[in-house]
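To start, the structure under review is shown below, and the notes come after it.
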Amino acid sequence: MTTILGIETSCDETAAAVVVDGVDVRSNIIASQIDLHRKFGGVVPEIASRAHIEQIDAVIEEALETAACSQADIDAIAVTNRPGLVGALLIGVTAAKTLSWAWGKPLVGINHIEAHACSPSIGLDEPPWPAIGLIASGGHTSLFRINGPTSIRVLGATTDDAAGEAFDKVAAILGLSYPGGPQIERLARQGNAKAVEFPRTMLGPGSLDFSFSGIKTAVLYHVHGHGQTSGGLEKFSRQEIADIAASFQQAVIDVLVRKTMLAVGQTGLGTVVLGGGVASNRALREELASTCDRRDLQFRAADSLYCTDNAAMIAALGYHKLMSGDLSGLDLDAHATGTLPVT
Ligand code: KG4
Ligand code: ZN
């Protein structure tokens, strides 16, 4: 039995978790800062760093207590060190290094995106690999070939806005608060997804890259007119706004599902996994599940607890990296970027 303490502070969640053998989550504590950032319409880096400092000790203590663990039970400490807001990452990295040194336990630096890719395997007895991974979050939208948790290759990635970023920006255009994904999903349930024909940007034939900035602009023009000439939201009824939300959501889902199937066709893999904050969207989960079902593909979405940022996925990947001997030293640093290898 190998027990990992995971720590995550890359953006606006201060999180710590205890996970056994990469699959068995004993605790998953998340202190969200959403209320602090909401009035600014997005994450303010300085506020995020300060809130992480205030929360980190209590969050780690609660993760250990909930898992009924003491320092003696922990085999290694895994921490997100890239990509993310450097000032925010540094808080988690410093806490993890301090514990690693004080407790004499190995330290494992984790790429946040790789951890999202690993998250669908949490809770499974049999790992789902090899698989095509669609990982859609606020900062990234990627298609991966996941040979295993420590062997992930990029097949395609966003060339501009990430899917979650598009949800957040469209939510702002529709007068909804941050973060926009859950708000759009809620509103979309009351809307007609066929009401407005928004573009499905596929880029070149066979391309597995994504572009979501065009659809965001299309929503902006639909609401305000070109050059912001035709007034704003007030000219729409509540039903019409719900229709815009539903049509936007459907266009994003169509692109995500089509590109994922394209990746399946190009690689011949028989399993699809889904993770990242946008993967908490029920309409996306259901549509990808039914598409996979029709094509006789295995499908596994990360449990919604492990879609938006959390430390359980950090500890899960930490286990696999520990097993493969991929450890970090006390010189582990925080990095804003975290590019993964391309196939
Ligand atoms: O993975 P995550 O927590 O943070 C990053 O690593 O970026 O993803 C956050 C993103 C936000 O853009 C948020 O609007 C989006 O995930 N999101 C959703 C939903 N829940 C969160 N997007 C669509 N539908 C949702 N239900
Ligand atoms: Zn994330």
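The values are calculated or read from the model by the stated rules, or taken from the named source; none is laboratory data. Fair warning: this is a prediction, and the values are worked out from it, not measured in the lab. Cβ sites come from the backbone with ideal geometry, for glycine too, and all protein chains shown count toward neighbours. Please note that ligands, DNA and RNA were not included when accessible areas were found on the heavy atoms of the full protein model with its side chains. Shrake-Rupley method; radii C 1.70, N 1.55, O 1.52, S 1.80 Å.
Details
- Considering the range 156-250, the qualifying helices (runs of 4 or more DSSP H), each wholly inside and each with 2 or more residues that are in contact with a strand residue (DSSP E or B) (Cβ under 9 Å, 6 or more places away or on another chain), run over 163-173.
- Once the range 186-216 is narrowed to residues that are more than 20 Å from Lys259 (Cβ to Cβ) and surrounded by fewer than 20 Cβ atoms within 10 Å (Cβ to Cβ), the residue that is nearest to ligand 1 (Cβ to nearest atom) is Arg186.
- Where Phe144 falls short, out of the listed (1) within 25 Å of Ser27 (Cα to Cα); (2) within 16 Å of ligand 1 (Cβ to nearest atom); (3) aromatic (Phe, Trp, Tyr): (1)
- So Leu256, is it over 30 Å from Ile60 (Cβ atoms), under 15 Å from the mean Cα position of the chain (by Cα) and assigned by TED's automatic domain parsing to the domain that holds Gln190: yes
Here's the yes/no breakdown for (1) within 16 Å of ligand 1 (Cβ to nearest atom); (2) of a type in the set (Lys, Arg); (3) in contact with a helix residue (DSSP H, G or I) (Cβ under 8 Å, 6 or more places away or on another chain):
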{"position": "Glu240", "(1), (2), (3)": "no, no, no"}
{"position": "Met261", "(1), (2), (3)": "no, no, yes"}
{"position": "Gly277", "(1), (2), (3)": "yes, no, yes"}
{"position": "Arg285", "(1), (2), (3)": "yes, yes, yes"}
{"position": "Thr291", "(1), (2), (3)": "no, no, yes"}
{"position": "Val342", "(1), (2), (3)": "no, no, no"}
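- Within the range 272-317, tally of residues that are out of contact with any Pro (no Cβ under 6 Å at 6 or more places or on another chain), away from ligand 2 (no atom under 16 Å from the Cβ) and open to solvent by 20 Å² or more (accessible area, probe 1.4 Å): 14
- The range 71-92 - residue that is of a type outside the set (S, T, N, Q), open to solvent by less than 10 Å² (accessible area, probe 1.4 Å) and within 14 Å of Tyr319 (Cα to Cα) and, of those, nearest to the chain's Cα centre (by Cα): Val79
- Taken over the range 288-319, the residue count meeting the criterion of being more than 18 Å from the chain's Cα centre (by Cα), farther than 16 Å from Ile132 by Cα and of a type in the set (D, E, K, R) is 1.
- Of everything listed in (1) of a type in the set (Lys, Arg); (2) crowded, with 17+ Cβ neighbours inside 10 Å; (3) away from ligand 1 (no atom under 16 Å from the Cβ), the single unmet condition for Arg153 is (2).
- Any hit, the range 57-67, residues being within 16 Å of ligand 2 (Cβ to nearest atom) and either of a type in the set (A, V, I, L, M) or modelled with pLDDT of 95 or more (or both): no
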